Each structure stands twice: as structure tokens, then as C-alpha cells.
1. Within the bounds of segment 68-81, is there any residue that is within 15 Å of the chain's Cα centre (by Cα), small (Gly, Ala, Ser), modelled with pLDDT of 95 or more and open to solvent by 40 Å² or more (accessible area, probe 1.4 Å)?
2. Identify all residues within segment 82-116 that are touching a Pro at 6+ places or on another chain (Cβ under 8 Å) and either more than 23 Å from ILE11 (Cα to Cα) or exposed (fewer than 15 other Cβ atoms within 10 Å of the Cβ) (or both); write none if there are none.
3. With in contact (Cβ under 8 Å) with a residue 40 or more places away in the chain and more than 18 Å from the chain's Cα centre (by Cα) as the only criterion, which of PRO65, PRO90 stands out?
4. Criterion first (in a helix (DSSP H, G or I), under 15 Å from LEU28 (Cβ atoms) and open to solvent by less than 80 Å² (accessible area, probe 1.4 Å)) does LEU57 satisfy it?
5. Mind telling me which of the residues LEU103, LEU57, LEU28 ends up being touching a Cys at 6+ places or on another chain (Cβ under 8 Å) and farther than 19 Å from ALA127 by Cβ?
6. Inspect all residues belonging to segment 23-34 and state whether any of them is on the phi < 0 side of the Ramachandran plot, at pLDDT 95 or above and either open to solvent by less than 30 Å² (accessible area, probe 1.4 Å) or not in a helix (DSSP H, G or I) (or both).
Amino acid sequence: MKEYISQQHRINLAAEQIYELISRFDRLTPALAGRVEEWQADADTCSFKVKGLTLKLRMSEKIAPKHVKIVGDGGPMDFAFWIQLHAVDPTDTRMRIVLHAELNMMMKMMIGNKLQEVVDRLAEGIATGLNGGMPL
């Protein structure tokens, strides 16, 4: 299993506020519904299409306000990722994403070298959105 770790990002909110948003997929609907196709979500599961590929995700572990673990629920590869939060002070939380992915040879050739970029972009997008006032 290969590990990809994003850069750490500073978010100008309390860890508890960030955790409240990221710990339920249905709270992400306003931010994601227009960016992916066929977005469906409840508290612990979601599904959507990206470039014709349907992805299903499930929250498998939540530890407030430290992290959420999200796993792929079926699909072309086994993976899990953590959104980790570290409170520095009440208005300074550091966030990073850690992805663990099991890739077969074909998937390694297709996307293996792009996963680090995806993890970095996802972390940056979350941080930018939260610092820019994404609704909580």
C-alpha cells in the first residue's frame, strides 16, 4: 500500500468548526454538488461521478475534533484517506490529508504518479474554501 501525504495547510477556524463540516458528507453538498456529477450524500456515505467514473465513499472513523477516515466503498481500487486536524489555537488549525492506496499494475501506470497532486489539490481546496468562508 502506497502512502501520499499533502502539505499542511493553515485554516483560520477552530478545529471543532472544521470537524463539524468534514465529519458529515451531507454538509459538503453546497460546496460539491455543482462541481461533480450525480452528487448524492447522507451523513456517512456519498457517491458521485468524475470523468465518467462513479465513486462511492464511506466515513469509517471519526474522532472529534482530530480526524475523519474515509474509505472507498467499491470501485477500481482500494483506498482510505484521513483528513487530520491539529488545533494550534482557537483560530489556527493545521490540516493535512493522508491517502493510502492499493494499486494494481494497470492503475499504477494510469494514475499512480498523479495521486500526490490530487491529494495536494484536495487539501489546498479544502483550506482555501474554509478560509474563504465556505458555509459551515
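1. no
2. Passing the criteria: only MET107.
3. Sole residue among the options that is in contact (Cβ under 8 Å) with a residue 40 or more places away in the chain and more than 18 Å from the chain's Cα centre (by Cα): PRO90.
4. No, not satisfied.
5. LEU57
6. Looking for residues that are on the phi < 0 side of the Ramachandran plot, at pLDDT 95 or above and either open to solvent by less than 30 Å² (accessible area, probe 1.4 Å) or not in a helix (DSSP H, G or I) (or both), one finds at least one in segment 23-34, hence yes.
The values are calculated or read from the model by the stated rules, or taken from the named source; none is laboratory data. Please read all numbers here as calculations on a predicted model, not as lab measurements. Ideal geometry is used to build each Cβ from the backbone, glycine not excepted, and the neighbour counts take in all protein chains shown. All accessible areas refer to the heavy atoms of the entire protein, side chains included, with ligands and DNA or RNA removed. Shrake-Rupley method; radii C 1.70, N 1.55, O 1.52, S 1.80 Å.
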